[in-house]
Ligand code: PLP
C-alpha cells in the first residue's frame, strides 16, 4: 500500500475542500492519527490544539475514557439493530433524557437520525406532512434567514442562505422565503407558511454572527400568533456551546421542533435527533397512510446512543455548566486583548464558547494556516477565524490557542 498521503491524493474526496489545492499540497496535508483531551496528533508526532472541536463536535475532550468505555461495551453487546419497528433500551433512555430538558407537555417525541442535515431534513418533512394531514394544505412555504446554514441534504440546502454553497440547488428544494431580520415578517403572508427555521442566538457558518438579544423570543411569539411551526436548528449550538445545554433556554423559548447532532455524542460517533411536540406527533397517527415514511439504516444506532448517554453523564460529573462562565469570560478578555494588538482585526464576535475573529479581507485563510505552525488547528470562514474549542478546555489552553493566533498574526501581518 502507498503511504497515507499519496493514497489520499489518489482516491479521497474531501468535503468543503477545493481538491486541486489540497492535492497540490497548498494546504499542508495533515494526517491526524490520534487525539487526547483538546489535542490532536499528526502522523509526524506534532501536537495541535483542536480549535474548532473537530468541526464543532467535540465537547469533553477527545477519547474521554468514560465515553470510550461506553462505546466499547455497547459495541460488544449490541452493535446495531434496525430501529424500523423495533426498539432498544438505550434509545428509550436517551429519548427520555433529551425531552426532560424541556417543560413537560412541550417537546415530547424524539426522532433519531445520523447527522445535522438529516435532523433538519426530518423536521422540514414532518412540518409539511403534518400540515397535509391536518387540513392545512395551503401551508407549504418555509421561512429561513439570509446566510443561514442548515446542512447539505436537498431540503436543508433549500433553506440555506449561503449562496456560494446552495445557489446551484435552490430551485430543486422546498419553497423558501428568506428574511434578513424580524422586521421583514410584516411583508409575509403567514397563512401559507408551515415553519420558520433559525439557528438560535448565533449563525455559525455566517462567520459566527450573534442575533440581537430577545430576537428568538420575538420570533416565537410571532410563530405562535400565526400558527407557524418554529424549527430551531441547534446542531451547532446544542450541548453547551453557548453556555446553556441548549441556546433556546437562554430566551426561555421552546420550539415546535428542535434539531440536534454534532455534540450529542460528545463528538465521538454520528447521531442526531429531531425533537417534536406531541401535537405534531399526533398528526401522524390514524392509520398507516399517515405514518412518517422517512429514516436511515443507522437511525438510533446503539453505539451512538451509548456515547450520548455517557456524554450527558459527564456534563453532571464535571459540573460543566458551573465551570463554563469563567471560561467564557476568560475567552472574552483574551480576545479583547488580541483585538487591541492587531488593527487588522475588524470585529470579534462571541457567544458562549463560540467565537469568530474577523480580519480584513484576504487575511483569514493565511492566518489560519500559519497558526498550525504554532500548534493550533481551526478553520476560517472567509476572513473570520473560528475559535470553538471543546468545553473541557482549560484557561491555560485558551492562552495557548490565543498565543498561536497572535504569533501567526505577527508573521502574516
Ligand atoms: N445546521 C447547522 C447550524 C450546522 O452548523 C450544521 C453543520 O455545520 C448542520 C446543520 C449540518 O450538520 P451535519 O454537517 O452534521 O450534516
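The values are calculated or read from the model by the stated rules, or taken from the named source; none is laboratory data. Just so we're clear, the structure is a prediction, and the values are computed from it rather than from any experiment. Glycine gets a Cβ as well: all are built from the backbone with ideal geometry, and neighbour counts include every protein chain shown.
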Would you mind telling me which numbered condition in (1) crowded, with 21+ Cβ neighbours inside 10 Å; (2) closer than 30 Å to residue 291 by Cβ residue 53 fails? (2)
So, residue 279, is that one out of contact with any strand residue (DSSP E or B) (no Cβ under 6 Å at 6 or more places or on another chain), assigned to a helix (DSSP H, G or I) and in the same structural domain as residue 114 (by TED's automatic domain parsing) or not? yes
Test: residue 121 is modelled with pLDDT of 95 or more, under 21 Å from residue 281 (Cβ atoms) and surrounded by 19 or more Cβ atoms within 10 Å (Cβ to Cβ): yes
If you go through the range 12-22 one residue at a time, do you hit one that is in a loop (DSSP other than H, G, I, E, B) and over 24 Å from the mean Cα position of the chain (by Cα)? yes
Across (1) part of a helix (DSSP H, G or I); (2) under 30 Å from residue 257 (Cα atoms); (3) without any contact (Cβ under 8 Å) to a residue 40 or more places away in the chain, residue 55 clears everything bar (3)
Failed item, numbered, when residue 76 is tested on (1) assigned to a loop (DSSP other than H, G, I, E, B); (2) under 29 Å from residue 302 (Cα atoms): (1)
So residue 264, is it farther than 19 Å from residue 106 by Cα, in contact with a strand residue (DSSP E or B) (Cβ under 9 Å, 6 or more places away or on another chain) and either buried (at least 24 other Cβ atoms within 10 Å of the Cβ) or assigned by TED's automatic domain parsing to the domain that holds residue 148 (or both): yes
Give me the pairs, please: first residue somewhere in the range 277-293 and surrounded by 15 or more Cβ atoms within 10 Å (Cβ to Cβ), second residue anywhere and in a helix (DSSP H, G or I), beta-carbon distance under 6 Å, and either six or more positions apart or on two chains. 280/130; 283/130; 284/290
With 93, 36 as the choices, which residue is outside the structural domain of residue 323 (by TED's automatic domain parsing) and either away from the ligand (no atom under 16 Å from the Cβ) or buried (at least 23 other Cβ atoms within 10 Å of the Cβ) (or both)? 93
Inspect the range 142-157 for any residue being within 10 Å of residue 194 (Cβ to Cβ) and outside any loop (DSSP other than H, G, I, E, B) and give the result as yes or no. yes
Under the condition of being near the ligand (Cβ under 10 Å from one of its atoms) and in contact with a strand residue (DSSP E or B) (Cβ under 7 Å, 6 or more places away or on another chain), which residue from the range 114-148 is nearest to residue 301 (Cα to Cα)? 114
Are any residues in the range 351-364 without any contact (Cβ under 8 Å) to a residue 24 or more places away in the chain and crowded, with 17+ Cβ neighbours inside 10 Å, and if so, which ones? 364
Being without any contact (Cβ under 8 Å) to a residue 40 or more places away in the chain, within 15 Å of the ligand (Cβ to nearest atom) and more than 22 Å from residue 283 (Cβ to Cβ): is that true of residue 154 here? yes
Restricting to the range 239-255, and then to whatever is surrounded by 24 or more Cβ atoms within 10 Å (Cβ to Cβ) and out of contact with any helix residue (DSSP H, G or I) (no Cβ under 6 Å at 6 or more places or on another chain), can you tell me which residue is farthest from residue 72 (Cα to Cα)? 255
Strands (runs of 3 or more DSSP E) contained entirely in the range 165-254, each with at least 3 residues that are away from the ligand (no atom under 14 Å from the Cβ): 176-179, 193-198
